[in-house]
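The values are calculated or read from the model by the stated rules, or taken from the named source; none is laboratory data. Predicted, not measured: the structure shown is a model, and the values here were computed from it. Heads up, the Cβs are rebuilt from the backbone with ideal geometry, glycines too, and the neighbour counts pull from every protein chain shown.
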Amino acid sequence: MGKNGASPPSSTSTPLGRRLRLGMVGGGQGAFIGGVHRIAARLDDRYELVAGALSSDPDRAWASGAELFLAPDRRYADFTAMAAAEAARDDGIDVVAIVTPNHLHHPAAKAFLEAGIHVICDKPLVHTVEQAEELAALVRDRGLAFVLTHNYSGYPMIRQARAMVAAGALGPLRVVQVEYAQDWLATPLEATGQKQAAWRTDPALSGAGGCIGDIGTHAFQLAEYVSGLACRSLAADLSSFVPGRSLDDNAHILMRYGSGARGMLWASQVCPGNGNNLKLRIYGEAGGLEWRQERPEELRFSPLGEPARTILRNGPGALPAATRASRIPAGHPEGYLEGFAQIYRDAADLITAHLEGRPPPDEAADLPGVEDGVRGVRFIHAAVESSRHDAAWVEL
């Protein structure tokens, strides 16, 4: 069974011969990330959105469904009713995308898993470690696919970096540095009623972590995803710089990996001049790699004692791991939406294989799954505990 939960199906294979039927929870009028998910799902023409519980407000849920041309009987007022009704239909959804604020991830994912429906879920997975472990156990028991949308792991040059590290191009790893800086919460935006800021800074909706839950989990997952290393312990200093803010908006974290490598993670949403400045640097005995999300098509490779070189997405030195995750000819920029779409395309391959009774494709190993979600929740809680104890070292 893979980390995203899908068990190898039986040997009987029947071609599906259609798009996957997709449902969505959340993502209605006024939501940013729902639209991104829908674009990503459509980009490779592998899904058809047919059902949704698009808002906790029944009127908004109905109006949002109408805007997306959902049939009236498949515009649901709540996700529990949707899970039950879709599971009972002959043409029910194959997979649901959960794009709600964090506090609804657990009950929504649980409802659909218990109904036998595959899940694609935003990060972080849930609020507590207990909830995360409950979902992971349910995924294992049901043998369903569970994909977590750490979208940066879908970028071609991140797949390239992961493949290079795994092939030993850097030698044994020594240092892993990751940072994710933004500026959109540098002022008390939540006090203006701005929806995205309001729920991300509310512990009841966001969970124990603010900045570390929103973007710190992306940085943490990316560091482990590319390096192949597991963080063993951390020492975290979390800050809330904006007066009156309940959750952290800046984090400095030291990390120790099981291999003996050392790492640092900086995540901040209060740094003027930073839009979505995610950077990763990995150094081993034989060389180093550097990648920046705002220039996603470039990977800088520095072999020890040799001139540094830049590997381009569709240029010399690009590995199959990168070209498989690419859609657009060289010279045409490819980035955020395509990386997000890669997660959906890989998820479609995995779920289709399951429905057709085939073993999961090799690329399924590149998908962030429920166990990555458990790691992310453990990371958040370890960081909060460490910071409460004056940056004491805490085991994950």
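Structural remarks
- One residue alone among ARG378, ARG388 is at pLDDT 95 or above and either under 17 Å from LEU148 (Cα atoms) or hydroxyl-bearing (Ser, Thr, Tyr) (or both), and that residue is ARG378.
- The listed residues are SER10, SER56, and the only one of them that is at pLDDT below 95, of a type outside the set (A, V, I, L, M, F, W, C) and either part of a helix (DSSP H, G or I) or not assigned by TED's automatic domain parsing to the domain that holds PHE112 (or both) turns out to be SER10.
- For the range 85-110, a residue qualifies if it is among the small types (Gly, Ala, Ser), outside any loop (DSSP other than H, G, I, E, B) and buried (at least 16 other Cβ atoms within 10 Å of the Cβ), and the qualifying residues are ALA85, ALA97, ALA108, ALA109.
- Residues satisfying the stated conditions in the range 151-169, i.e. buried (at least 24 other Cβ atoms within 10 Å of the Cβ) and not in a helix (DSSP H, G or I): TYR155
- Test result for THR187, part of a loop (DSSP other than H, G, I, E, B) and modelled with pLDDT of 95 or more: yes
- Enumeration of residues in the range 111-141 that are outside any helix (DSSP H, G or I) and among the basic types (Lys, Arg): LYS123
- The range 362-390 residues that are farther than 18 Å from HIS105 by Cβ, paired with ones that are of a type in the set (Asp, Glu) and buried (at least 21 other Cβ atoms within 10 Å of the Cβ) (beta carbon under 7 Å, 6 or more apart): GLU363/ASP346; ALA364/ASP346; ASP366/ASP346
- Test result for LEU189, not assigned by TED's automatic domain parsing to the domain that holds TRP266 and not β-branched (Val, Ile, Thr): no
- Matching residues, the range 59-76, being in a loop (DSSP other than H, G, I, E, B) and either of a type in the set (S, T, N, Q) or surrounded by fewer than 16 Cβ atoms within 10 Å (Cβ to Cβ) (or both): PHE69, ALA71
- Every condition in (1) of a type in the set (Phe, Trp, Tyr); (2) part of a strand (DSSP E or B); (3) crowded, with 21+ Cβ neighbours inside 10 Å holds for PHE301 except the one numbered (3).
- Scanning the range 191-226 for residues that are part of a helix (DSSP H, G or I) and within 17 Å of the chain's Cα centre (by Cα) yields a total of 18.
- Consider the range 205-246 and keep the residues that are farther than 18 Å from VAL129 by Cβ, hydrophobic (A, V, I, L, M, F, W, C) and out of contact with any strand residue (DSSP E or B) (no Cβ under 9 Å at 6 or more places or on another chain). The one that is surrounded by the most Cβ atoms within 10 Å (Cβ to Cβ) is VAL242.
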